[in-house]
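Below is one structure, written out as structure tokens; the observations come after it.
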């Protein structure tokens, strides 16, 4: 089993554990989804072949700029939402921890997986 699969499984178990601690209930669905997703992606990767796309310094710089832009934009929107809820509406923001976690996970997924995939394919 390749090292990346082990690291993906360990990080998935840690994420499911943190989610379970926050919600005070064991979350089996995300854990099973993570494990299945890792193995399905590995199956397709082996089926396709392990050809890595050669990238040069310019492509790597574009990926870094894209990641910085996505993180800046998403966290700025989150901060604006939280500040608007506290000072403009004069009420505390009733945001569920699960939605906040999903927002941050989507941000990480876009910045680390979706964006670099399309930038490398250009």
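Laboratory data are not the source of any read-out in this text; all were calculated from the coordinates shown. Being a predicted model, the structure only gives us computed values, none of them experimental. Glycine also receives a Cβ, built like all others from the backbone with ideal geometry; neighbour counts cover every protein chain displayed.
Observations, loosely collected:
- Under 15 Å from the residue 88 label point (7 Å along Cα→beta-carbon), backbone N, region 98-115: none
- Residues of region 25-39 with amide N under 14 Å of a point placed 7 Å along Cα→Cβ from residue 13: 31-32, 34-36
- The stretch between residue 68 and residue 4, if pulled fully straight at 0.36 nm per residue, gains 20.7 nm over its current Cα-Cα span.
- Options (1) 1.03; (2) 1.32; (3) 1.50 - which one matches Cα Rg over 2.2 N^0.38 Å as calculated here: (2)
- For residue 23 and residue 114, the difference between the fully extended length at 0.36 nm per residue and the C-alpha to C-alpha distance is 29.9 nm.
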